[in-house]
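Here is the structure we will look at.
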Amino acid sequence: MRDKIVAGNWKMNLTSEEAIRLTEDIKIQLSTNALKDVKLILIPSYIYLEKMKSYLNNTGVFLGAQDVSSRNNGAYTGEVSASMLKSIGVDYCLLGHSERRQYHKENNEGLSEKLYRLIENKLTPIFCIGETLEEREGGQLYEIIKNQLKPALDLKENYFKKIILAYEPVWAIGTGLTATSHQAQEMHAFIRKEVEKGFGDGVASETSILYGGSCKPSNAQELFTCKDVDGGLIGGASLVAEDFISIANSFTK
Ligand code: PEP
């Protein structure tokens, strides 16, 4: 059985006060809408992580960071290491989000290093991949996804088993355009097949693959019903407690 997961990427949003209010609102929602068998992860800005950790005590909700340094420690001004994140109780970390690939020129080499740093420090990477509209329409879809998967598939098997994958078509992120359930299932099945080629059927069937891209309460159920979709990475809708918890309660399988 694969883990079902819903993760909220808050990106560079919210003041400290707003972040705590949203955390409290999520707790209130959870007290009246108990989740069934779904792992919930909140991914705020670095600077709110430690404070949110204490607010989330005993709720079963996990915390994730939005990025990590590729270095262990030392003279790297402005960077945050995997061991620092672990030391404040962070368990997950996004890697390779399309906004970081676009604005910070994240590439496979750097992402490989970050994957190692996270896994060695016992954090779970949520490794994001996804094509732009030009790439999809230009017929390069499968090659692009295969290439983006490389840092994950190059890991040793016992390392790969620690990661979560997230398929996020760039054209659907923050645009209001959502992949149809057919498009999402097709890509998730392709990604799982690539994992199977690398590590065999057992590992592939245990790997959680999340969908991200304008997922909201009105389309989550249809997406999460797809055989190979194991949950969602949610941007905009994760900033509204009611919507986020409604998405997390959209599994029918
Ligand atoms: C994201 O940024 O990971 C994302 C899926 O954003 P949105 O839900 O707003 O499209």
Qualifying residue in the range 216-235 (condition: surrounded by fewer than 18 Cβ atoms within 10 Å (Cβ to Cβ), without any contact (Cβ under 8 Å) to a residue 12 or more places away in the chain and within 16 Å of the ligand (Cβ to nearest atom)):
yes
What number of residues within the range 238-253 are near the ligand (Cβ under 10 Å from one of its atoms) and either crowded, with 20+ Cβ neighbours inside 10 Å or modelled with pLDDT under 95 (or both)?
2
Of everything in the range 71-102 that's polar (S, T, N, Q) and surrounded by fewer than 21 Cβ atoms within 10 Å (Cβ to Cβ), which residue is nearest to the ligand (Cβ to nearest atom)?
Q102
Is it true that Q66 is among the polar types (S, T, N, Q), within 16 Å of the ligand (Cβ to nearest atom) and on the phi < 0 side of the Ramachandran plot?
yes
Give the range 1-13 a look and list any residue that's surrounded by fewer than 17 Cβ atoms within 10 Å (Cβ to Cβ) and hydrophobic (A, V, I, L, M, F, W, C), or say none.
M1, M12
Restrict the check to the range 184-201 and report whether at least one residue is within 15 Å of the ligand (Cβ to nearest atom), surrounded by fewer than 18 Cβ atoms within 10 Å (Cβ to Cβ) and closer than 25 Å to G110 by Cβ.
no
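The values are calculated or read from the model by the stated rules, or taken from the named source; none is laboratory data. The model shown is predicted, which means the values in this text are computed figures rather than measured ones. Because the Cβ atoms are built from the backbone with ideal geometry, glycine has one as well, and the counts that use them run over all protein chains shown.
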